[in-house]
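Structure, as structure tokens:
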Amino acid sequence: MNPTVTADNMNFIQRAFAEGGFVMYVIAVIAILALFVIVERMMKMKNLAVDKKEFTDQIFRMVVSGDLRQAISYCDARPAPLTNTVKAGLVQAMNKRPDEEVQVAMDAAVMREMPKVEGWVSFLAVFGNVAVLAGLLGTIIGMIGSFRAVAAADPATKALELSKGISHALNCTAFGLLVAIVSIVAYGLFQHRIQKTENEVVETSMSLLNLVVANREKIKD
């Protein structure tokens, strides 16, 4: 990397913060919070990820053979929303509970497990909106300061004072929009991932219930 380019970039950022005023630091705090949520959710979702096809193939094979204890142990070895939901249904099936109770147990597990996937993702949308509003606030403050300075300045410095105010306004606008775009795009991607996970859990739980109903006579004590 060219040291000159790096130094120029750092100088540009420092100058933007200096020209943007205190609102730039407010937006920076929002950016840090958004980055924290993004990194935390990426790591969490990676830890909660399960190969659906491999998992269901193994579990359904065990259910068909009637070995629910082994299936439950298999779920315990891979704690995740999908495995925990399936386990809730397997426990009820092993205890010879009616089909309705098996389904209720899995439905309750879905409601219990999905918040673990969602986490603080909803706040990314909030951060995006607040970043835009903070940028707009900085823009307005910059323009007000600009016009006040122009009104009080002598003719020789009016252009300079006006350019300072416009620079303040545009820096806040640009930084606020940048943070907002990153936050909202990340929010959309996470929401897609969350919905996909929920669909997989619900689909697998329904398939498991049908499999248990069809193979109840094979369940071992």
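The values are calculated or read from the model by the stated rules, or taken from the named source; none is laboratory data. Remember, predicted model here, so these are calculated numbers, not experimental data. All Cβ positions, even for glycine, are placed from backbone atoms using ideal geometry, and neighbour counts span all protein chains on display. When the accessible area is computed, the model is the full protein with side chains, heavy atoms only, and any ligands, DNA or RNA have been set aside. Shrake-Rupley method; radii C 1.70, N 1.55, O 1.52, S 1.80 Å.
In this structure, does Phe123 turn out to be in a helix (DSSP H, G or I) and touching a residue at least 24 places away in the same chain (Cβ under 8 Å)?
It is true that Phe123 is in a helix (DSSP H, G or I) and touching a residue at least 24 places away in the same chain (Cβ under 8 Å).
Scan segment 49-77 residue by residue and report those that are charged (D, E, K, R) and assigned to a helix (DSSP H, G or I).
If the condition is that a residue be charged (D, E, K, R) and assigned to a helix (DSSP H, G or I), then Lys52, Lys53, Glu54, Asp57, Arg61, Arg69, Asp76 are the ones that fit.
Pick from segment 59-68 the residues that are under 20 Å from Val202 (Cα atoms) and surrounded by 16 or more Cβ atoms within 10 Å (Cβ to Cβ): which of them is nearest to the chain's Cα centre (by Cα)?
My answer is Ile59.
Quick one: count up the residues across segment 116-151 that are of a type in the set (Ser, Thr, Tyr) and either surrounded by 19 or more Cβ atoms within 10 Å (Cβ to Cβ) or over 21 Å from the mean Cα position of the chain (by Cα) (or both). First the steps, then the outcome.
Restricting attention to segment 116-151, the residues satisfying the condition of being of a type in the set (Ser, Thr, Tyr) are 122, 139, 146.
Adding the requirement that they be either surrounded by 19 or more Cβ atoms within 10 Å (Cβ to Cβ) or over 21 Å from the mean Cα position of the chain (by Cα) (or both) leaves 139, 146.
Residues flagged as of a type in the set (Ser, Thr, Tyr) and either surrounded by 19 or more Cβ atoms within 10 Å (Cβ to Cβ) or over 21 Å from the mean Cα position of the chain (by Cα) (or both) within segment 116-151 amount to 2.
Hey, can you tell me all the residues within segment 69-81 that are aliphatic (A, V, I, L, M) and open to solvent by less than 10 Å² (accessible area, probe 1.4 Å)?
Within segment 69-81, Ala71, Ala80 qualify.
Of all residues in segment 40-58, count the ones that are open to solvent by 70 Å² or more (accessible area, probe 1.4 Å) and within 21 Å of the chain's Cα centre (by Cα). Quick ask: steps written out before the conclusion?
Taking segment 40-58 as the starting set, the residues that turn out to be open to solvent by 70 Å² or more (accessible area, probe 1.4 Å) are 42-44, 46-47, 51, 53-54, 57.
Still in the running and within 21 Å of the chain's Cα centre (by Cα): 42-44, 46-47, 51.
Of the residues in that region, 6 qualify.
Yes/no per residue for (1) in a helix (DSSP H, G or I); (2) charged (D, E, K, R); (3) out of contact with any helix residue (DSSP H, G or I) (no Cβ under 6 Å at 6 or more places or on another chain); (4) within 22 Å of Met206 (Cβ to Cβ):
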residue	(1), (2), (3), (4)
Ile32	yes, no, yes, no
Ile38	yes, no, no, no
Asn47	yes, no, yes, no
Pro79	no, no, yes, yes
Met111	yes, no, yes, yes
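Every residue in segment 179-221 that is under 30 Å from Leu133 (Cβ atoms) and either touching a residue at least 24 places away in the same chain (Cβ under 8 Å) or aromatic (Phe, Trp, Tyr) (or both), please.
Initial filter on segment 179-221 (under 30 Å from Leu133 (Cβ atoms)): 179-195.
Listed by number, the residues that qualify are Val179, Ala180, Ile181, Val182, Ser183, Ile184, Ala186, Tyr187, Phe190, Gln191, Arg193, Ile194.
So which residues in segment 170-186 are of a type in the set (S, T, N, Q), at pLDDT 90 or above and within 13 Å of Met24 (Cβ to Cβ), if there are any at all?
none
For a quick check of your reading of the model, give me the residue pairs whose first member lies in segment 83-104 and is touching a residue at least 12 places away in the same chain (Cβ under 8 Å), whose second is surrounded by 20 or more Cβ atoms within 10 Å (Cβ to Cβ) and among the charged types (D, E, K, R), with beta-carbon atoms closer than 7 Å and at least 6 apart or on different chains.
The qualifying pairs are Asn84/Glu113; Thr85/Glu113.
Taking segment 90-112 on its own, how many of its residues are more than 13 Å from Arg216 (Cβ to Cβ) and open to solvent by less than 10 Å² (accessible area, probe 1.4 Å)?
Count: 2.
Sort through Ser167, Ser163 and tell me the only one that's in contact with an Asp or Glu (Cβ under 6 Å, 6 or more places away or on another chain), of a type in the set (Gly, Ala, Ser) and either modelled with pLDDT of 85 or more or assigned to a helix (DSSP H, G or I) (or both). Don't jump to the end; show me each part of the working.
On the way: Ser163 fails: in contact with an Asp or Glu (Cβ under 6 Å, 6 or more places away or on another chain).
Exactly one residue qualifies, and that residue is Ser167.
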